[in-house]
Amino acid sequence: MSEQNRLSVIADVIRSNRVGNQYELKELLTGKGFDTTQSSISRDLKKLGVVKVDGHYKTPSIAPGESTKVDRLDATTAGDNLIVLKTGPGNANRAGFIIDRSAIPGILGTIAGDDTIFVAVANRHQQAKVLRKIFSLFD
């Protein structure tokens, strides 16, 4: 069975069950005919961007292949280590999530509000590269 198929099944299992740990997930996957190890499950959860909320796994709100369109995206730099992104109202959390999940090299972290995202970068030389990659995410 392909990795993409396995990832899809894992996401479906998490969406339709209250899964609290990798052991429970492994048992549910075994019931669906998947023979997998805890280390594989751990890697798969990371690839899917699964997080724990209130003690149970949750899939990200943006599915693979889903549109990354945001109202608008404007950028400016602030010092050597900060990029400030402006979006339309209510779009910053979604855009910040997309940026976080893209794992762009050079990004140290992000903070998103309602219409503003702060992106911390390693140094001013990384700013231009990171900005190009961020804009390519939302083309």
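The values are calculated or read from the model by the stated rules, or taken from the named source; none is laboratory data. As the structure is a computational prediction, the values presented were derived from the model and not from experiment. Positions of Cβ are backbone-derived with ideal geometry, glycine not excepted, and every protein chain shown enters the neighbour counts.
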Matching residues in region 88-120 (polar (S, T, N, Q) and at pLDDT below 90) number 3
Matching residues in region 1-20 - criterion: being in a helix (DSSP H, G or I) and either basic (Lys, Arg) or loosely packed, with under 11 Cβ neighbours inside 10 Å (or both):
4, 5, 6, 15, 16
Selection from region 21-60 of residues surrounded by fewer than 18 Cβ atoms within 10 Å (Cβ to Cβ) and part of a strand (DSSP E or B) yields 51, 52, 53, 56, 58
Picking from 39, 61, the residue that is polar (S, T, N, Q) and modelled with pLDDT under 90 would be 61
Exactly one of these conditions fails for residue 76: (1) under 24 Å from residue 138 (Cβ atoms); (2) out of contact with any Phe, Trp or Tyr (no Cβ under 7 Å at 6 or more places or on another chain); (3) surrounded by 12 or more Cβ atoms within 10 Å (Cβ to Cβ); (4) free of Cβ contacts under 8 Å to residues at least 60 places away in the same chain. Give me its number.
(3)
